[in-house]
Each structure stands twice: as structure tokens, then as C-alpha cells.
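One structure below.
The values are calculated or read from the model by the stated rules, or taken from the named source; none is laboratory data. Please read these numbers as outputs of a predicted model, since none were measured by experiment. Reconstructed Cβ throughout: ideal geometry from the backbone, glycine too, with neighbour counts over all protein chains shown. All accessible areas refer to the heavy atoms of the entire protein, side chains included, with ligands and DNA or RNA removed. Shrake-Rupley method; radii C 1.70, N 1.55, O 1.52, S 1.80 Å.
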Amino acid sequence: MITDYSIQAIAINAIPLIFAITIHEAAHGYAARYFGDNTAYMLGRVSLNPIKHIDPVGTILIPLMLILASSPFLIGYAKPVPVNFGRLRNPRIDSIWVVLAGPGSNFAQALIWAIFLITLIGFGVNERFLLGMSQAGITWNLVLMVFNLFPLPPLDGGRILSSLLPARQSIALGKLEPWGFFIVLGLVFTGVIGSFWMEPLIAFFKSILYFVTLPLQMVF
């Protein structure tokens, strides 16, 4: 839940959020190129330039409207990376890896931010901005990862589920894609995704981060 839209809070959250979104989208494009599809690369979408991934509606308009409405929730989306799954060497399997690359990059970033935070604390750094940015980096990346793994298209989880289902069920699920974001938006505002999906999975992945970084915590 968001309670602080101050300039300081925006500054603390901006850098990790921009990295989280940009690297997530670039990772999809990089994985697609690795598995045989150059579509995103040819269009310049395998890039760490955040401008190339901004969607006017999903990245700017929707979050801005929610902020102005003092919404307790802040969601949005970047411009989807174009992938021609038919060009992948093994479309059914490789498509799963391409889709997982985005959430996977967010977990990797959360881990990096966690290591950075532990290091700052371990060396006695009390700079509020850096500590806050590190915590925001962990939170935003876990939120984006878990949210995108929700099994409904056009989210990454929906595409993974579609790849795993038999053809008939996959086609049926694909028909929901034009309405998927609106369904997810409704589930967000009714609290369903937050209570039954986001909160338990974020807690689960936080526990993984804790155990992975435990040796570093023991050093300090």
C-alpha cells in the first residue's frame, strides 16, 4: 500500500523502479534473441534505455491518474517487447524461458539490492536515501516479479500457463488477453490479488532472499 507521494519518496523509488522495469523488458528481448528471434533486437528493444520501454498509457497515464486520485495501489505496465515465438528454435519450450527472463531479472535485481543493503548496514552507513533506495529496490522488484507471474494473459504468468496447457485450453486462455489487464485491475482493487497472490508470494521470495544472503549477513 502506498501512503507517501512526497518528492523525497518519489526520488527514493524512482531509480530502482526505472531499473526494475527497463531490465525486465530488455531481458525478454535478450532471451528471445538468444533462442533465435531477433525481432526485439532489430527494433532496438534489447536496450537499457528506459525511454524505449515507456508506454504512454501504461507507464505514465495510469500511474499518474492513480497518484492524483491518492490511490492506495500503484500499478502500470511497460511497452511489451515484441517476440515472434514462431522464430524460436523450440517455440513451446523456449517461449517459457523468454517469458521467465523478465521476472527472473527482477529477482536478480532484488538480490543485488539486498546485498547492497546488507553491505551498507554492515559498514555502518546511515545515509537515509541509500538505505531507503535499497529497500525500495528489493520491494519494487519483488512486487513486479510476483505481479507479472499472475497466471492471466497478457501478464508473463499467463503466457507461461498458455505454453504449458494443451492446445485447446491454451487457445481458450488466449481469448482472455484483450480483457486480461482489466480483469487484473479489478482483482487488484477488490484485494483478491493482494491477499491471495501478492502477499504470500512476496513473503516466500523474501524468505529465499534471506537464506541466500545469510552468509553475507553472518560476515557482518
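The residues of the range 190-204 that are part of a helix (DSSP H, G or I) and loosely packed, with under 14 Cβ neighbours inside 10 Å, listed by number, are 192, 195, 196, 199, 200, 203, 204. Among the residues of the range 120-127, are any closer than 23 Å to residue 18 by Cα, touching a residue at least 60 places away in the same chain (Cβ under 8 Å) and either assigned to a helix (DSSP H, G or I) or more than 14 Å from the chain's Cα centre (by Cα) (or both)? No, because not a single residue in the range 120-127 is closer than 23 Å to residue 18 by Cα, touching a residue at least 60 places away in the same chain (Cβ under 8 Å) and either assigned to a helix (DSSP H, G or I) or more than 14 Å from the chain's Cα centre (by Cα) (or both). Scanning the range 128-156 for residues being open to solvent by 30 Å² or more (accessible area, probe 1.4 Å) and either among the hydroxyl-bearing types (Ser, Thr, Tyr) or not in a helix (DSSP H, G or I) (or both) gives a total of 5.
Scanning the range 10-45 for residues that are under 16 Å from the mean Cα position of the chain (by Cα), open to solvent by 20 Å² or more (accessible area, probe 1.4 Å) and free of Cβ contacts under 8 Å to residues at least 60 places away in the same chain yields a count of 2. The set of residues from the range 167-189 being among the polar types (S, T, N, Q) and open to solvent by less than 80 Å² (accessible area, probe 1.4 Å) comprises just one member, 170. Considering the range 11-53, and only residues there that are small (Gly, Ala, Ser), closer than 22 Å to residue 146 by Cα and out of contact with any Gly (no Cβ under 6 Å at 6 or more places or on another chain), the residue that is modelled with the lowest pLDDT turns out to be 14.
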